[in-house]
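Undergrad: Please see the structure below; I have some questions.
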Amino acid sequence: MVKDLEAELLAHTGTAYLCAHRYVLFYDNYDASPAYKMLYTYNSGSNTGPTMCQTNPFLNYPNWPRVQLPDDQAPEYPSSACPSDYASSCDATIGTTPSSGPPYYLTVKSNTITFPCVTYYSTNAGNVLLALDEASNTWPAFEPNGNPVVPNCVVAPAPPSSPPAQPPPSPPPPSPPPPSPSPPPPSPSPPPPSPAAPWKQTLPYLDGYSNFSIVHATETCASPERPVENETECEQFYNYLDAAVAPNTPWSFYWLDPISNPQSPGCNFFRNALPAAAYWVWWNSNTTAVPSAALATDLNWKACAPEWPSPPPSLPPPPSPPPLSPPPPSAPVPRFNEVCTSASRTEGGFACRTDSCDPYNAGDGSCGSGNSGGSPTDHFTLYKDPDIGGGGKDPEDCETLCYHDDECIAYETGPSRRCEIWTNADGTVKVGHTTSDVYACYIKLTHIALSGLQEPDYPDCND
């Protein structure tokens, strides 16, 4: 009882579609008509969307026959009929009505609707495309969970084209012959003598160490370049080396008791016997509480090695590239037949007509307003100045209103900012002649395609 509309459309048209409310209920009672037996229900409150349904089985509607059953036994709705990728549960309740039959009619009920909905076929549902065109807020279909819905299917976008095949890479060039062995290099000359303390000027300059007490602890005062000759040099070296190795985090924050380790404010270096013989480089900020207290500006740790060079100036960042220009807007996709206006006639214009009008002769008597003009209560919604439907609409606003209304199949413009939004033509919208050239009828191209009538003779928009 569940149909996949995307699969049905692909099988019927050969074209891939994407559908909102992809799965709907379908039941074949083996009557001769209609050809495509999608289930609908009647919603008298169509302006609120497909939220209500007809529960009275004794009401008849033209072109909408009730789904009749041979007896009071409801057809089975097995759980195996539920698609695996359906987002809800296939828990619709299938039943029959009335209990006083025969005849008996099929009903569908969801968990959100109080009473069972009477089901109907559409006599215009000759195939899946025509069946979808019949669905509306007034005549919604059913989801597998029994809720009334209006399916909406559009042609799926084409997949991106594959990039062109790349040619195979060229083979690598042949390797050159190995070079001849070079003669052994001459013995190097002995290096020149080093200045007193060259390593002090080769380490990078780093800033930011004004909040610490102990810079570094080590077990030796030997530098990688040469031995350190005195305690002052050892202190400067490790203070410098610690800043270069850990530029953003001092290695130690140990507090030395100034009573047991009396040191004067400034740079200090001493050897501690526990836990092992170690040399300590210590900056004494002359505080007795928190070892990481901020140092005064005149007691900065850089005073320990005042001959360190200044850092090189930073290069400015490269300029940002200019923003890319936005792509040009795409041309709007046409949706209406725009031939039936006064421009296609010597005198007069065109008005939208119901299905009883001759589709190939707009001037025929069957297309006069008395015969097929339609009515605001049955076929269209009317807006007109001064105060019909809340007031008239300009032609552009009338077109926009129909464009965004999935149930709108055509719109008509006329004097006093007249705007007719056609949602029902008892079949296919036709056009008829008017004596005034201010009238025009615009039919949606999708409605024309589904009509089965032969273009370009339909719609007849010429004298």
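Undergrad: Could you give the length gained on full extension between Ile388 and Ser320, defined as 0.36 nm per residue of separation minus the Cα-Cα distance, in nm? Walk me through the intermediate numbers first.
TA: Details: separation 68, 0.36 × 68 = 24.48 nm, distance 5.80 nm.
Taking 0.36 nm per residue and subtracting the Cα distance, the gain is 18.7 nm.
Undergrad: For a quick check: with amide H placed at 1.01 Å from N, whose amide H comes under 5 Å from Gly391's, ignoring anything fewer than 5 positions away on the same chain?
TA: Excluding prolines and chain starts, which carry no amide H, the hits are Lys384.
Undergrad: Here is a follow-up. Thr428's amide H: which non-local residues (gap 5+, or another chain) put their own amide H closer than 5 Å, with H modeled 1.01 Å from N in plane and none for Pro or chain starts?
TA: Asp355
Undergrad: Between Val24 and residues 5 or more places away or on another chain, which pairs have amide H atoms under 5 Å apart, with H built 1.01 Å from N, and which residues are they?
TA: Residues meeting the criterion, in which the H sits 1.01 Å from N, are Lys3, Leu5.
Undergrad: So, one more: Could you give me the ³J(HN,Hα) list for segment 171-183, computed from phi with Karplus coefficients 6.51, -1.76, 1.60 and θ = phi - 60°, whole Hz, x at Gly and Pro?
TA: 3J(HN,Hα) across segment 171-183, in whole Hz: x, x, x, x, 5, x, x, x, x, 5, x, 7, x.
Undergrad: Work out from phi, with θ = phi - 60° and the Karplus expression 6.51 cos²θ - 1.76 cosθ + 1.60, the ³J(HN,Hα) of each residue of segment 97-111, listed in order in whole Hz, and give x for Gly and Pro.
TA: 7, x, 6, 8, x, x, x, 10, 10, 6, 10, 10, 9, 9, 6
Undergrad: Multiply the residue gap between Tyr30 and Ala7 by 0.36 nm, knock off their C-alpha separation, and tell me the result in nm, one decimal place.
TA: Working it through step by step, the gained length comes to 6.0 nm.
Undergrad: Quick one: what are the phi-derived ³J(HN,Hα) couplings along segment 348-360, Karplus 6.51/-1.76/1.60 with θ = phi - 60°, whole Hz, x for glycine and proline?
TA: Coupling constants for segment 348-360: x, x, 9, 10, 6, 10, 7, 5, 6, 6, 5, x, 10 Hz.
Undergrad: Next question. Here is the link list: Lys109/Lys430; Lys37/Lys109; Lys3/Lys109. Which ones come out longer than 27 Å on Cα distance?
TA: Details: Lys109/Lys430 38 Å; Lys37/Lys109 18 Å; Lys3/Lys109 18 Å.
Beyond 27 Å: Lys109/Lys430.
Undergrad: Further, regarding this structure: For segment 119-166, what does the accessible surface come to per residue with a 1.4 Å probe? Please give it in Å². Let's see the in-between values first.
TA: On the way: 2160 Å² over 48 residues.
Here the per-residue accessible area is 45 Å².
Undergrad: Using the beta-carbon distance between Leu18 and Leu453 and R0 = 25 Å, what value does 1/(1 + (r/R0)^6) give for FRET efficiency, to the nearest 0.05? Kindly include the intermediate steps, with their values, before the conclusion.
TA: On the way: r = 27 Å, r/R0 = 1.09.
It comes to 0.35.
Undergrad: What percent does the relative contact order of segment 361-404 come to when contacts are Cα pairs within less than 8 Å and at least six residues apart? Walk me through the numbers on the way to the answer.
TA: On the way: 20 pairs, mean separation 7.0, N = 44.
Averaging sequence separation for qualifying contacts and normalising by length gives 16 percent for segment 361-404.
Undergrad: Roll a 1.4 Å probe over the protein chains and send me the accessible area per residue for segment 1-43 in Å².
TA: Values: 1980 Å² over 43 residues.
Per-residue value: 46 Å².
Undergrad: Given R₀ = 51 Å, what would the calculated FRET efficiency be for Phe58 paired with Val154, taking r from the Cβ atoms and rounding to 0.05?
TA: Working: r = 38 Å, r/R0 = 0.75.
About 0.85, to the nearest 0.05.
The values are calculated or read from the model by the stated rules, or taken from the named source; none is laboratory data. If you're wondering where the values come from, they're calculated on a predicted model, not measured in any experiment. Don't worry about glycine lacking a Cβ; one is built from the backbone with ideal geometry, like all the others, and counts go over all protein chains shown. For accessibility, only protein heavy atoms count, side chains too; no ligands or nucleic acids. Shrake-Rupley method; radii C 1.70, N 1.55, O 1.52, S 1.80 Å.
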